[in-house]
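Everything below concerns the one structure shown next.
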Amino acid sequence: MIAQKEQMDGQDWSLLLVLSILWGGSFFFNGIALRELPPLTLVLLRVVMAAAILLPVLHLRGLRLPKDVAGWRPFVAVALFNNVVPFSLIVVGQTFISSGLAAVLNATTPLFTILVMVAAGDEMLSARRVGGVLAGLIGVVILRGAPGLDHSGSGIGIMLGLAACMSYGVAALLARRYLAHSPPLATATCQLVASSVMMLAIAGVADRPWTLAMPGLPTWLAISGLATLSTALAYILFFNILRRSGATNVMLVTLLVPITAILLGSLVLGESLSSREIIGALVIGSGLLIIDGRIFRVLRVAARPNT
């Protein structure tokens, strides 16, 4: 087993920055492709193309797909909550809100993951984590501008984005319980294969994609970037960082993803975030820093008198 480091070195931070660009780019690619494709068809193309990319890699690494139903069961469960449900909710949500705001909401994933883990009895809820979760939830309220979510388009988009984050939390619990000993590449590939089968049925009934008009070149380029960069390559990079630095360190990518998505949405798609949304994002980020805890270690070291 590769030893995991508590502190990240320059290479770790470089990999984390690249991963944030890949995942931040997914919201940008969604924004382009949704101009010509319905959301569920877009998700179908994303997972099918990503699975097609990773399957040869899996074969070259000498790994194999499960041979029976029992072997596939945990991958199907993780695929449902890690790909099918959240991907679909996010792209539908992006028909109501900007790609930048969708990425900001995605940054609440660690907050929901902690809540799911605590509810399932897999982790303890420390005072620091309570403070971090509360700060994150306050940030979400600031994003909306009121204590409750109304039925406007923006409110629907925000609710869908938060539901996607809850789904990611459930997926993390399932992966931790049932796929802890599965090779990372096998986990990524198998869940994408399972997702492809499920999305083929869902999009086939909902969108009947074979009846849709052929999208233009910009849409196909966005789909290719979404599947190749933001899904297949991102998964490989994510599991590499996970093996090198551990789950706590790789979680910090959620702080960087909104920055990438907001910049791409602003520069290319002409989107903008209000000052309220920026403040909400900062509050969510502070919640993640509290949960991570390393900011307190830095402050303690800085406060020590020089000897």
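The values are calculated or read from the model by the stated rules, or taken from the named source; none is laboratory data. Quick caveat: nothing in here was measured; it's all calculated off a predicted structure. Cβ: placed from backbone, ideal geometry, glycine included. Neighbour counts: every protein chain shown. Accessible surface is based on the protein model in full, side chains and every heavy atom, while ligands, DNA and RNA are left aside. Shrake-Rupley method; radii C 1.70, N 1.55, O 1.52, S 1.80 Å.
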Checking the structure you have, find out if any residue of the range 218-238 is modelled with pLDDT under 75 and surrounded by 14 or more Cβ atoms within 10 Å (Cβ to Cβ).
no
Can you name the condition, by its number, that Ile279 falls short on among (1) at pLDDT 75 or above; (2) over 23 Å from Ile158 (Cα atoms)?
(2)
Hey, could you check the range 61-76 for residues that are farther than 29 Å from Trp210 by Cβ and touching a helix residue (DSSP H, G or I) at 6+ places or on another chain (Cβ under 7 Å) and say which is most open to solvent (accessible area, probe 1.4 Å)?
Arg61
With respect to the numbered conditions (1) outside any loop (DSSP other than H, G, I, E, B); (2) over 27 Å from Ser266 (Cβ atoms), which one is the sole condition not fulfilled by Leu65?
(1)
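Could you say whether any residue in the range 43-50 is within 25 Å of Ala194 (Cα to Cα), touching a residue at least 24 places away in the same chain (Cβ under 8 Å), of a type in the set (D, E, K, R) and assigned to a helix (DSSP H, G or I)?
Looking only at the range 43-50, we keep the residues that are within 25 Å of Ala194 (Cα to Cα), and these are 43-50.
Filter again for touching a residue at least 24 places away in the same chain (Cβ under 8 Å), leaving 43-50.
Filter once more, so that each one left must be of a type in the set (D, E, K, R): 46.
From what's left, assigned to a helix (DSSP H, G or I): 46.
Scanning the range 43-50 turns up at least one residue that is within 25 Å of Ala194 (Cα to Cα), touching a residue at least 24 places away in the same chain (Cβ under 8 Å), of a type in the set (D, E, K, R) and assigned to a helix (DSSP H, G or I).
Rundown of residues vs (1) open to solvent by 20 Å² or more (accessible area, probe 1.4 Å); (2) in contact with a His (Cβ under 6 Å, 6 or more places away or on another chain); (3) part of a helix (DSSP H, G or I); (4) modelled with pLDDT of 80 or more, yes/no style:
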position	(1), (2), (3), (4)
Arg129	yes, no, yes, no
Leu149	yes, no, no, no
Gly161	no, no, yes, yes
Ala164	no, no, yes, yes
Val193	yes, no, yes, yes
I'm trying to understand the selection: among the residues of the range 13-60, which are at pLDDT below 90 and either over 19 Å from the mean Cα position of the chain (by Cα) or open to solvent by 40 Å² or more (accessible area, probe 1.4 Å) (or both)?
Trp13, Ser14, Leu17, Val18, Ile21, Trp23
Met214 vs. criteria at pLDDT 85 or above and surrounded by fewer than 21 Cβ atoms within 10 Å (Cβ to Cβ)
yes
